[in-house]
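The values are calculated or read from the model by the stated rules, or taken from the named source; none is laboratory data. Bear in mind that the values here come from a model prediction, so they are computed numbers and not experimental data. A quick note on method: Cβ atoms are made from the backbone with ideal geometry, for glycine too, and the neighbour counts reach across all protein chains shown.
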Amino acid sequence: MKITFIIVLIAIIVLAIWSIVGYFSSRVEQVKYTVIEKANGYEIRNYPAHIVAETIVSGTGEEALSKGFSIVAGYIFGGNIKRQSIAMTAPVISIKEGNMQVISFGMPSSYSLSTLPVPTDPNIKLVEIPEEKVAVLSFSWYYTDFRVQNMQQKLLDLLARDGIKTTGTLSYAGYNAPWTPPWMLRHEVMAQIQ
């Protein structure tokens, strides 16, 4: 009886510590969007113009996401002409373009294109994303290519149901560090809309 109690207590403590670490490791700057409408199953947001660091990689969703993240993370961890660290932001965005994936994450709002240090890796570009209106479907637990594709199709079906036309490609957004507990993970699929 005592051994069972001790095992349960240890499990609770481990889960609590894991949750606390997951919570605090996900507290990074995000682009400050405005929710325009909460629809049945998704929401419509307006994102202001913002700057991203991006790279283009080949591979499937999960493989490309990992490869692209490493490249862009190299830039913010000092892979630039000033050898300057730049604060991590969320989310990491993945957009499929043919057999390639564009992987990016936003730069802190304190920077402009003229104040960001130039990347030393020629595969990284600093790009200003114009203001955009997007439909967003959020989900949790672990990332898989299959789940993301299903959620993207679900979002398209919901938009078609409501007569909303998309104008651009679909994207995936991941908000959390890999060690975040699955019940705290935040994923989104997004579609630009008119």
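Quick look at the numbers
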item	result
The range 57-79 residues that are within 11 Å of Asp145 (Cα to Cα), paired with ones that are among the charged types (D, E, K, R) (beta carbon under 8 Å, 6 or more apart)	Thr60/Asp145; Gly61/Lys96; Gly61/Asp145; Glu62/Asp145
Breaking point among (1) in contact with a strand residue (DSSP E or B) (Cβ under 8 Å, 6 or more places away or on another chain); (2) surrounded by 12 or more Cβ atoms within 10 Å (Cβ to Cβ); (3) in contact (Cβ under 8 Å) with a residue 40 or more places away in the chain, for Gly168	(3)
Qualifying positions in the range 55-75 - modelled with pLDDT of 95 or more and either in contact with a helix residue (DSSP H, G or I) (Cβ under 8 Å, 6 or more places away or on another chain) or among the hydrophobic types (A, V, I, L, M, F, W, C) (or both)	Thr55, Ile56, Val57, Ile71, Val72
Residue in the range 115-125 that is polar (S, T, N, Q) and surrounded by 15 or more Cβ atoms within 10 Å (Cβ to Cβ) present	no
Extreme residue, modelled with the highest pLDDT, among residues of the range 123-142 that are among the hydrophobic types (A, V, I, L, M, F, W, C), within 13 Å of Leu113 (Cβ to Cβ) and out of contact with any Asp or Glu (no Cβ under 7 Å at 6 or more places or on another chain)	Leu126
Only one of Ile129, Ile193 that is in contact with a His (Cβ under 7 Å, 6 or more places away or on another chain) and of a type in the set (Val, Ile, Thr)	Ile129
Tally, over the range 152-163, of residues that are surrounded by 18 or more Cβ atoms within 10 Å (Cβ to Cβ) and either without any contact (Cβ under 8 Å) to a residue 60 or more places away in the chain or in a strand (DSSP E or B) (or both)	1
Checking Gln149 against (1) in a strand (DSSP E or B); (2) more than 14 Å from the chain's Cα centre (by Cα), the condition it does not meet	(1)
